[in-house]
Amino acid sequence: MKFIPIPFSVILFLFSLSYAQENWLLSSEFSLSATFNSNSQNWNSRDAGSVVWIGRLDNTIEKQLSSKIHSENTIRLGFGQTMVKSKDDQSWSSPQISTDLLDIQSILKYSVNGIIDPFTSFRATSQFYDERDENNIRFLNPLTLTQSFGMSRDIIKSPSLFWRMRLGGAFRTKFDRDTLEYISQGNQRIPGDSYQTSIITDGGTELVSEFRFRHDELLTLSAKLVLYEALMRSGELNNNYWRYPEISWENNVRLWLTENITFNYLMQVLYDREVHKKPRFRQIFSAGVTFSLSNR
């Protein structure tokens with residue numbers, strides 16, 4: 001795979017600026033971080049070198065459409081690659097994707113009593129590149145579309161502290177153009193040697209908790225917890241792992257060293273029994289430049 005820049009993120013970042021002219025409240029952050037490590041060949045340990053870069057875009061665009069309806073839209077994009085220098089011949093490996101995220105969500109809240117408000121939302125999550133099959137790289141795969149509805153409550157809402165919870169039902173559709181095909185052999189179904197496109201739809205309950213804290217211009221903390229329990233499912237079933245609850249917990253810490261230089265820490269925990277029987281963890285430490293824009 002060749003080295004891929006991130007012009008797509010920049011285009012969306014610039015495109016979002018137009019919303020500010022239509023009385024939309026805009027909050028946007030674009031960050032780019034890179035780490036380079038290299039050693040000469042005469043070191044005793046012959047340590048390997050590495051190059052890591054990560055680009056992220058976080059957009060929030062919202063507006064009070066009427067006295068009873070509020071629209072909030074978020075765009076979260078992330079992409080990063082890693083290259084490693086060989087200990088033996090000091091050659092560099094081809095770039096490998098280390099961060100790949102596309103998450104777009106739109107929420108409509110309907111004001112009823114100001115305490116608990118009904119909501120409807122639509123969310124699309126995917127990744128830019130699917131490299132599970134090196135001979136057939138797929139773009140925007142797999143893709144998950146989620147339609148949810150229920151009740152929303154802003155427990156705390158202030159310029160520096162925000163905590164919201166949503167509880168309701170959700171219907172999801174998963175598109176995967178790289179699904180292993182199963183074949184029947186006697187009374188059993190065994191994995192074959194080819195791949196196909198699968199479309200799986202399920203429905204269940206969803207709990208979402210979002211938390212953000214910002215201390216002046218020094219520190220930003222954010223956390224998002226999503227719990228989903230499927231109650232019904234259509235499509236070809238090879239096991240009962242879909243009955244297990246799915247958990248997504250993401251935490252971000254951003255320390256502002258200067259106006260545009262930041263230190264970032266990301267910790268993510270994912271549990272999906274259909275993917276793996278154990279939780280998956282991801283941690284990213286980085287420092288780089290961050291550009292913010294807001295008309296709030």
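Let's see how each residue does on (1) open to solvent by 60 Å² or more (accessible area, probe 1.4 Å); (2) in contact (Cβ under 8 Å) with a residue 60 or more places away in the chain:
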{"residue": "Glu62", "(1), (2)": "no, no"}
{"residue": "Ser67", "(1), (2)": "yes, no"}
{"residue": "Glu72", "(1), (2)": "no, no"}
{"residue": "Phe79", "(1), (2)": "no, yes"}
{"residue": "Thr99", "(1), (2)": "no, yes"}
{"residue": "Phe119", "(1), (2)": "no, no"}
{"residue": "Arg123", "(1), (2)": "no, no"}
{"residue": "Ser126", "(1), (2)": "no, no"}
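Quick check on my filter: what residues within segment 210-268 are under 19 Å from the mean Cα position of the chain (by Cα) and basic (Lys, Arg)?
Listed by number, the residues that qualify are Arg212, Lys224, Arg254.
Give me the residue from segment 257-296 that is more than 27 Å from Tyr244 (Cα to Cα) and among the hydroxyl-bearing types (Ser, Thr, Tyr) and, out of that set, modelled with the lowest pLDDT. Give the derivation first.
Pass one, segment 257-296, residues more than 27 Å from Tyr244 (Cα to Cα): 257-265, 284-296.
With the extra rule that they be among the hydroxyl-bearing types (Ser, Thr, Tyr), the set shrinks to 258, 262, 265, 286, 290, 292, 294.
Working: Thr258: 87, Thr262: 89, Tyr265: 89, Ser286: 83, Thr290: 87, Ser292: 83, Ser294: 79.
In this case the residue turns out to be Ser294.
Step by step: first the residues of segment 81-97, then only those that are closer than 25 Å to Leu143 by Cβ and in a strand (DSSP E or B), then the one that is most open to solvent (accessible area, probe 1.4 Å). Which residue is that? Reasoning before the result, please.
Within segment 81-97, the first condition is being closer than 25 Å to Leu143 by Cβ, and the residues that meet it are 81-82, 95-97.
Cutting the leftovers down to in a strand (DSSP E or B) gives us 81-82, 96-97.
Working: Gln81: 2, Thr82: 36, Gln96: 97, Ile97: 43 Å².
The qualifying residue most open to solvent (accessible area, probe 1.4 Å) is Gln96.
Of everything in segment 107-128 that's outside any strand (DSSP E or B) and among the β-branched types (Val, Ile, Thr), which residue is nearest to Phe149 (Cα to Cα)?
Filtering segment 107-128 for residues outside any strand (DSSP E or B) gives 111-116, 127-128.
Still in the running and among the β-branched types (Val, Ile, Thr): 112, 115-116.
Working: Val112: 15, Ile115: 17, Ile116: 13 Å.
The extreme case among them is Ile116.
When you check Glu181 against the structure, is it modelled with pLDDT of 90 or more, surrounded by 12 or more Cβ atoms within 10 Å (Cβ to Cβ) and of a type in the set (Asp, Glu), yes or no? Let's see the steps before the verdict.
Working: modelled with pLDDT of 90 or more: no; surrounded by 12 or more Cβ atoms within 10 Å (Cβ to Cβ): yes; of a type in the set (Asp, Glu): yes.
Taking the combined requirement at face value, the residue does not satisfy it.
Starting from residues that are in contact with a Phe, Trp or Tyr (Cβ under 8 Å, 6 or more places away or on another chain) and of a type in the set (Phe, Trp, Tyr), keep the ones in segment 209-229 and report whichever is nearest to Arg254 (Cα to Cα).
So the residue we want is Phe213.
Do any strands (runs of 3 or more DSSP E) entirely within segment 239-295 hold 3 or more residues that are open to solvent by 60 Å² or more (accessible area, probe 1.4 Å) and either within 24 Å of Leu26 (Cα to Cα) or without any contact (Cβ under 8 Å) to a residue 40 or more places away in the chain (or both), and if so, which? If you could, list the steps in order and put the result at the bottom.
Values: elements: 246-256, 261-271, 280-294.
The strands (runs of 3 or more DSSP E) meeting that bar are 246-256, 280-294.
The values are calculated or read from the model by the stated rules, or taken from the named source; none is laboratory data. Values in this document were obtained by computation on a predicted structure and should not be read as measured data. Heads up, the Cβs are rebuilt from the backbone with ideal geometry, glycines too, and the neighbour counts pull from every protein chain shown. What goes into the accessible areas is simple: the full protein's heavy atoms, side chains included, and nothing from ligands, DNA or RNA. Shrake-Rupley method; radii C 1.70, N 1.55, O 1.52, S 1.80 Å.
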